[in-house]
1. Does region 2-78 come out rounded, prolate or oblate, given a ≥ b ≥ c as the square roots of the eigenvalues of its C-alpha gyration tensor, rounded meaning a/c under 1.5 and, failing that, prolate meaning a/b above b/c?
2. Using a Förster radius of 30 Å, what is the FRET efficiency between ASN110 and GLU82 based on their Cβ-Cβ separation? Nearest 0.05, please.
3. Working out 0.36 nm times the residue gap between LEU12 and LEU229, then minus their Cα-Cα distance, what length gain in nm do you get to one decimal?
4. Please list, or write none, the lysines whose alpha carbon is within less than 25 Å of the alpha carbon of LYS104, excluding same-chain residues fewer than 8 places away.
5. Using a Cα-Cα cut-off of under 23 Å, which lysines could be cross-linked to LYS57, ignoring same-chain neighbours fewer than 8 residues away?
6. Cβ neighbours within 10 Å, averaged per peptide: list 20-29, 191-200 in order, most packed at the top.
7. If we count every other residue with Cβ under 13 angstrom of VAL193's Cβ, Lys/Arg +1 and Asp/Glu -1, where does the sum land?
8. Ranking request for peptides 35-42, 114-121: highest mean number of other beta-carbon atoms within 10 Å first, then the rest in descending order.
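No lab work stands behind these numbers, since they all come straight from the coordinates. Just so it is clear, the structure is predicted and the values come from calculations on it, not from any experiment. Cβ coordinates were reconstructed from backbone atoms using ideal geometry, including for glycine residues, and neighbour counts include every protein chain displayed.
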Amino acid sequence: MGRRFKNRKLKLWYKNYDPLDSREKLISNVPTGVPKDQWSSFVDYHLKPSYKELCRKNALVRKKQTIPHTGGSKLLSRRRHEMEEEIGHAVGRGELYIATHKRKDGSYVNEEARTTVEKIHEELSQSTNFTEISRNDAVAKVLGPEHSGRVRGLGLGGLPSIAFGPTIGRFNHLGSIFLSMNQAENSQLRSEVTTLKTKLVASEQNVKTLQTIMLAYIQMKEGQIPPELDALLGIASIPMDEGSEEGIPTPHGSSSLDSNLS
């Protein structure tokens, strides 16, 4: 419906447009069945400099199409349906591309089209999985990347996610590539983790030793460990005879704490 509406507007414009006529004359020449206010807006839109610039760019892009097709105005979905009814099996975009780039006598539209079709035949013959997605992937290798939101040869509604399947499924092989590239880095990281674990164990042991020394010193000076500190550290008071300093650990292994504090 959208395409027919667009074609209808183009035909209406080119039928009534004369580059020698002024804007007022174009507006006064209202086609039959078209409201005058709508025709006035239609003329102003086509006379805008931005619209003329867009037409100029589109014409240049069209000239860059080196391989014309013979599909005419018939929708590709309709052409595919007719081919499927004729040959009795599903038709991929490779077969559709070949059919729409040949003339009625079987010749190709030009040599570049012949070369492209030969490459498509080669890719399809090398495919071992003849699903629709695998066929589309094979054709994609020849035709190159698609524009965002559409896929050549699938007509209206053709999306990359439909033609080529989920992105994760198509690029699973990249996982093995990344894995092989990171094997050396993974080995180095494991070694560093082991070293850090060893240092952490040694640090924890040093903290425990310092904690024991601190508690022994507090108990020697105060006679007992404050309940708040005992609850915080979770270590009971160290039993000591009054005036005795034996059994108090020191950093140098001595039984006297005063010798280390002097």
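1. Details: a/c = 2.75, a/b = 1.59, b/c = 1.73.
Cα axes put region 2-78 in the oblate bin.
2. Values: r = 25 Å, r/R0 = 0.82.
Here the calculated transfer efficiency is 0.75.
3. Details: separation 217, 0.36 × 217 = 78.12 nm, distance 9.30 nm.
Extending this stretch completely gives an extra 68.8 nm.
4. LYS63, LYS64, LYS74, LYS119
5. LYS6, LYS9, LYS11, LYS15, LYS48
6. Numbers: 20-29: 12.2, 191-200: 10.0.
Highest to lowest by the protection proxy: 20-29, 191-200.
7. Details: positive: ARG190, LYS197, LYS199; negative: GLU185, GLU192.
The answer is +1.
8. On the way: 35-42: 13.0, 114-121: 16.2.
So the peptides 35-42, 114-121, ranked by packing, come out 114-121, 35-42.
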